[in-house]
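I have placed the structure first, in the form of structure tokens, so that the comments after it can refer back to it.
The values are calculated or read from the model by the stated rules, or taken from the named source; none is laboratory data. Just so you know, these numbers come straight off a predicted model, no measurement behind them. Cβ placement follows ideal geometry from the backbone for every residue including glycine, while neighbour counts extend to all protein chains displayed. What goes into the accessible areas is simple: the full protein's heavy atoms, side chains included, and nothing from ligands, DNA or RNA. Shrake-Rupley method; radii C 1.70, N 1.55, O 1.52, S 1.80 Å.
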Amino acid sequence: MTMITATTMAVLLKPMITAHRLLLFQTQKHTSIIAKQQKQHGSLLVASSVRQSDNYCQNLVDEFDPNIPIEKALTPPSSWYTDPSFFDFELHRVFYKGWQAVGYTEQIKNPRDFFTGRLGNVEFLVCRDDDGKIHAFHNVCRHHASLVASGNGQKSCFVCPYHGWTYGLDGALLKATRITGIQNFDVNEFGLKPLNVATWGPFVLLNLDKEILPQQEADNTVGSEWLGSCSEYLAANGVDSSLSYLCRRVYDIECNWKVFCDNYLDGGYHVPYAHKGLASGLKLNSYSTKTYEKVSIQSCDGGSTESEDDIDRLGSKALYAFIYPNFMINRYGPWMDTNLVLPLGPRKCQVIFDYFIEAHLKDDKDFIERSLVDSERVQIEDIVLCEGVQRGLETPAYCSGRYAPMVEHAMHHFHQLLHYILKE
């Protein structure tokens with residue numbers, strides 16, 4: 001028998017080993033190429049899906065023509081109020097751009113005051129620091145994404161309830177617990193992410209898409225950017241910081257956010273039919289509407305015969321200002337209430353009512369209670385209307401409607417603004 005030495009064996013096996021290594025390399029290379037192609041294909045599929053969704057929604061936008069005069073125009077199609085894709089589409093184009101009202105200055109009146117909120121999928125936190133400066137941040141811990149704060153109140157710092165990471169009122173990361181051994185970590189890069197914040201009159205506003213501005217600069221420009229040419233008109237007609245804050249009411253409504261806005265903007269059309277109590281205190285034949293860049297103002301004379309012993313909630317004139325896209329200011333008699341409409345889904349919204357009163361009446365509990373009861377009655381009547389409209393929009397019987405040309409100018413203006421923004 002011929003003995004095969006180790007050297008001979010190595011010589012005989014070398015071609016086989018080389019071939020195996022080559023096959024293994026080619027297989028790994030092929031697998032890597034396939035994985036890379038799959039990743040690229042997946043990215044392309046996502047991008048393609050986004051483009052298809054955007055194209056689909058743009059086609060829905062085009063179903064409304066803002067250039068047709070109100071006398072001939074159709075209202076937007078029901079898909080604007082029912083389609084889940086359209087809801088996501090408008091969130092990014094309507095609510096994540098420009099100044100958005102989110103609260104009022106009374107909520108952060110004192111150092112260390114704060115409040116939180118949500119707009120779409122953006123969680124936010126607004127506070128006033130010890131030096132009196134107002135800050136706003138994404139309310140998300142930089143560690144593992146827990147919400148840092150909830151509700152409102154006073155805090156000297158914000159401690160994440162999950163792992164105890166602590167942030168100052170200026171957003172700086174003050175303490176990160178149990179991170180011994182962590183590498184490539186700069187504490188200065190892990191503060192809360194800031195948002196633009198400004199105030200106008202008694203209102204606090206955020207802007208999600210602008211570069212961070214110094215607060216003074218933001219306060220100086222927010223009036224013209226948010227209200228346009230009617231900012232002075234509103235200030236001159238009692239929309240200012242001199243009013244005393246009273247209370248808040250919150251309503252969850254089973255309707256698209258635009259249904260509530262449309263109801264507000266019909267020029268008092270529905271008032272004599274749905275709000276008979278309210279109608280009795282207004283001279284509806286005096287109703288008028290004026291539109292500005294992003295604001296519409298409806299006004300109506302009241303039927304008040306005020307005396308010192310009988311104060312009328314509505315007073316001698318009512319002013320209803322709608323500020324695009326979702327904020328309403330109602331100023332009448334000694335009262336002001338605001339309505340903030342938050343989109344929660346294609347067929348759900350939340351409406352936050354904040355009530356203010358002239359300072360000399362803030363202790364008149366009987367008048368305040370009667371007025372809140374009257375207001376609550378109107379809101380419940382409106383909720384019934386809006387939820388009924390939403391159900392009608394979801395039926396196959398309805399696609400688009402028409403405008404009442406003499407009264408629904410503000411609604412038409414709102415739809416024109418939406419179309420313009422959605423086409424940008």
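For region 356-367, the condition of being β-branched (Val, Ile, Thr) and either within 20 Å of Phe414 (Cα to Cα) or in a helix (DSSP H, G or I) (or both) holds for none of the residues.
Taking Lys72, is it open to solvent by 70 Å² or more (accessible area, probe 1.4 Å) and more than 21 Å from the chain's Cα centre (by Cα)? Steps first, answer last, please.
Details: open to solvent by 70 Å² or more (accessible area, probe 1.4 Å): yes; more than 21 Å from the chain's Cα centre (by Cα): yes.
Taking the combined requirement at face value, the residue satisfies it.
Return yes or no: is Asp219 open to solvent by 30 Å² or more (accessible area, probe 1.4 Å), within 20 Å of the chain's Cα centre (by Cα) and charged (D, E, K, R)? Against the criterion (open to solvent by 30 Å² or more (accessible area, probe 1.4 Å), within 20 Å of the chain's Cα centre (by Cα) and charged (D, E, K, R)), Asp219 qualifies.
Yes or no: Asp252 exposed (fewer than 15 other Cβ atoms within 10 Å of the Cβ) and in a loop (DSSP other than H, G, I, E, B)? Outline the logic, then answer.
Numbers: exposed (fewer than 15 other Cβ atoms within 10 Å of the Cβ): yes; in a loop (DSSP other than H, G, I, E, B): no.
Taking the combined requirement at face value, the residue does not satisfy it.
Taking region 263-305 as the range and being acidic (Asp, Glu) and within 31 Å of the chain's Cα centre (by Cα) as the test, the residues that pass are Asp266, Glu293.
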